[in-house]
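Colleague: Here it is, the structure in full.
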Amino acid sequence: MQGEQREVAEHVAEHVAGHVTAVPDLGGTSARAVYRDLLRFGPRSRRDLTERLALSAPTVTRVTRDLLGAGHLHPLDTVALAKGRPQQPLDIEENHGPRFIGVKVTADEVHAVVTTARGNALEELVMPLPDTSAEAVAEAVVDPVLALAGAHPHVAGVGVSIGGRVADRRRVDSSWILGWKHPVDLADRLEARLALPVTVDNDIAAMIHGLNWFGIGRAYRTFAVLTIGVGVAIGTVVEGRLLQGRSHLAGLTGRLPVAAREDGAPEPFWRSARTAAVVEAAREAGVLGEGEGVERLRARLAAGDPAARALSADLARTLARAAAAVVAVVDPEAIVLGGETIDLVLAADGEFERTLRASLPTAQQDLVLRELGGDFDQWARGAAVIAIQEFVGGGGGAAPPPPPRRPGGGGRGGAARGSRRHAHSALTRAV
């Protein structure tokens with residue numbers, strides 16, 4: 001039976017490989033820069049592209065002609081201007097363009113999504129993960145990817161996100177969530193099975209790349225994301241770039257001090273906010289019994305149990321202290337909250353926001369608060385985005401060109417203030 005399954009998988013992989021060769025290459029550096037700008041920031045005329053990208057007019061004319069001929073771009077209706085010649089905007093071909101598959105791996109499931117070049121989801125699959133060995137994870141990723149690639153022609157790349165330390169977007173050096181203590185060349189393993197280019201990254205890094213390229217990053221050039229759940233993590237984007245640090249561990253270790261122990265040692269963020277820590281605290285407080293977990297805690301919160309609500313408020317204050325530290329150092333325009341247990345924080349009737357704002361000076365009171373929710377849609381989509389980045393040559397580190405200065409707008413500072421008008425409203429859902 002296993003031989004038959006492998007034969008079917010190899011047949012589908014050959015089918016997928018045929019579609020990969022059908023996706024034309026974008027071309028050289030200038031062509032990728034033009035495509036990337038249109039991809040992220042929408043239709044523009046050739047003249048606008050020349051000004052934004054500091055390319056010569058002949059170069060833009062040449063590369064846009066090649067991209068149009070390859071089917072990567074399409075022209076829009078000509079726009080008449082008050083002064084000067086009419087301009088014809090160009091945009092990427094999204095409806096019939098390349099497709100990308102993103103896979104978010106958790107300790108017990110694999111979430112897969114196929115998207116357009118702009119990260120818009122077309123179809124999703126969720127598959128169980130029978131065990132967390134490297135071979136089992138690779139097999140669990142291959143199955144939904146082959147299924148999605150067989151249904152959606154012209155797949156150009158696959159992105160996989162995992163909770164762990166990842167090197168060169170290829171190798172998982174370690175993952176405590178999956179129990180991997182030794183490096184796993186995951187991209188190589190998957191490419192051998194899929195005949196598709198594969199990109200691998202840390203899960204929160206991939207998710208934030210998705211937000212930065214096609215989500216709230218379009219509104220905020222500097223923002224921070226805090227997630228809680230099985231693990232905890234903090235990610236920051238400053239001036240359009242995700243900060244990763246010397247070891248690519250910036251914000252990923254959960255070791256940000258949020259309190260002090262009785263002996264004076266710092267209490268790290270992870271020790272208070274991971275799901276296991278929350279459940280342990282709930283059991284010690286008598287909120288949960290032996291064998292009960294987060295679902296029972298949610299039920300106690302829904303019933304208005306005072307002890308459960310006190311626990312929720314404690315968690316909200318812990319998260320607020322972590323957020324306050326990030327704001328003090330980075331001064332972001334927005335804070336985004338996410339993770340599978342973020343609902344426990346939001347159940348605390350605004351305690352997170354009250355604690356955070358009480359720690360901020362007047363100049364930072366316009367901080368915007370957003371909420372991702374606890375599902376994995378954004379995470380799988382982020383995994384697709386890292387594949388998109390590799391396809392277009394963005395690499396994840398490329399910052400967008402600065403927005404044009406508006407007369408009397410005060411430069412970037414004026415734009416930033418304008419984006420924070422609704423700062424004091426309740427948490428809004430990020431899209």
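Colleague: Is it the case that some residue within the stretch 305-320 is of a type in the set (Gly, Ala, Ser) and under 24 Å from the mean Cα position of the chain (by Cα)?
Modeller: yes
Colleague: Evaluate the following for VAL172: is it within 20 Å of the chain's Cα centre (by Cα), modelled with pLDDT of 95 or more and aliphatic (A, V, I, L, M)? Working first, answer last.
Modeller: Details: within 20 Å of the chain's Cα centre (by Cα): yes; modelled with pLDDT of 95 or more: yes; aliphatic (A, V, I, L, M): yes.
Yes; evaluated as a whole, the condition is true for this residue.
Colleague: Residues that are crowded, with 18+ Cβ neighbours inside 10 Å, at least 3 per element: which strands (runs of 3 or more DSSP E) completely within the stretch 31-134 meet that?
Modeller: Those strands (runs of 3 or more DSSP E) span 99-105, 109-115.
Colleague: I've got another one for you. With the checklist (1) modelled with pLDDT under 95; (2) under 29 Å from the mean Cα position of the chain (by Cα) in hand, flag the one item VAL103 doesn't pass.
Modeller: (1)
Colleague: Identify, from the list LEU256, LEU319, the residue that is open to solvent by less than 50 Å² (accessible area, probe 1.4 Å) and in contact (Cβ under 8 Å) with a residue 40 or more places away in the chain. Let's see the steps before the verdict.
Modeller: Numbers: LEU256 fails: open to solvent by less than 50 Å² (accessible area, probe 1.4 Å).
Of the residues listed, the single one that is open to solvent by less than 50 Å² (accessible area, probe 1.4 Å) and in contact (Cβ under 8 Å) with a residue 40 or more places away in the chain is LEU319.
Yes/no matrix, rows are residues, columns are (1) open to solvent by 40 Å² or more (accessible area, probe 1.4 Å); (2) at pLDDT 95 or above; (3) aliphatic (A, V, I, L, M):
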position: ARG261; (1), (2), (3): yes, no, no
position: ARG296; (1), (2), (3): yes, yes, no
position: ALA303; (1), (2), (3): yes, yes, yes
position: ASP314; (1), (2), (3): yes, yes, no
position: ALA323; (1), (2), (3): no, yes, yes
position: VAL326; (1), (2), (3): no, yes, yes
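Colleague: Moving on. Please go through (1) open to solvent by 50 Å² or more (accessible area, probe 1.4 Å); (2) within 27 Å of ASN212 (Cα to Cα); (3) at pLDDT 95 or above for HIS154 and return the number of the only condition it doesn't satisfy.
Modeller: With (1) open to solvent by 50 Å² or more (accessible area, probe 1.4 Å); (2) within 27 Å of ASN212 (Cα to Cα); (3) at pLDDT 95 or above applied to HIS154, the lone miss is (3).
Colleague: Find all pairs meeting these conditions: Cβ atoms under 6 angstrom apart; at least six residues apart or on different chains; first residue within the stretch 323-342 and on the phi < 0 side of the Ramachandran plot; second residue open to solvent by 10 Å² or more (accessible area, probe 1.4 Å) and of a type in the set (Gly, Ala, Ser).
Modeller: Close Cβ pairs satisfying both conditions: ALA324/SER359; GLU333/ALA416; GLU340/GLY374; ILE342/GLY374.
Colleague: Tell me whether the stretch 220-227 contains one or more residues that are crowded, with 16+ Cβ neighbours inside 10 Å, within 22 Å of GLN389 (Cα to Cα) and out of contact with any strand residue (DSSP E or B) (no Cβ under 7 Å at 6 or more places or on another chain).
Modeller: Looking through the stretch 220-227, at least one residue is crowded, with 16+ Cβ neighbours inside 10 Å, within 22 Å of GLN389 (Cα to Cα) and out of contact with any strand residue (DSSP E or B) (no Cβ under 7 Å at 6 or more places or on another chain).
Colleague: One residue is enough: does the stretch 416-431 have a residue meeting the conditions of a type in the set (A, V, I, L, M, F, W, C), open to solvent by 60 Å² or more (accessible area, probe 1.4 Å) and at pLDDT 70 or above?
Modeller: no
Colleague: When the residues of the stretch 175-217 are narrowed to those that are assigned to a helix (DSSP H, G or I) and without any contact (Cβ under 8 Å) to a residue 12 or more places away in the chain, which ends up least open to solvent (accessible area, probe 1.4 Å)?
Modeller: By that ranking, first place goes to GLU191.
Colleague: Among ALA313, ALA299, ALA259, ALA277, which is the only one that is among the aliphatic types (A, V, I, L, M), over 29 Å from LYS104 (Cα atoms) and in a helix (DSSP H, G or I)?
Modeller: Selected residue: ALA313, the only one of ALA313, ALA299, ALA259, ALA277 that is among the aliphatic types (A, V, I, L, M), over 29 Å from LYS104 (Cα atoms) and in a helix (DSSP H, G or I).
Colleague: Please verify whether HIS72 is more than 24 Å from LEU186 (Cα to Cα) and out of contact with any Leu (no Cβ under 8 Å at 6 or more places or on another chain), treating the condition exactly as stated.
Modeller: no
The values are calculated or read from the model by the stated rules, or taken from the named source; none is laboratory data. Please read these numbers as outputs of a predicted model, since none were measured by experiment. Note that we place each Cβ from the backbone using ideal geometry, even for glycine, and neighbour counts take in every protein chain shown. Accessible surface is based on the protein model in full, side chains and every heavy atom, while ligands, DNA and RNA are left aside. Shrake-Rupley method; radii C 1.70, N 1.55, O 1.52, S 1.80 Å.
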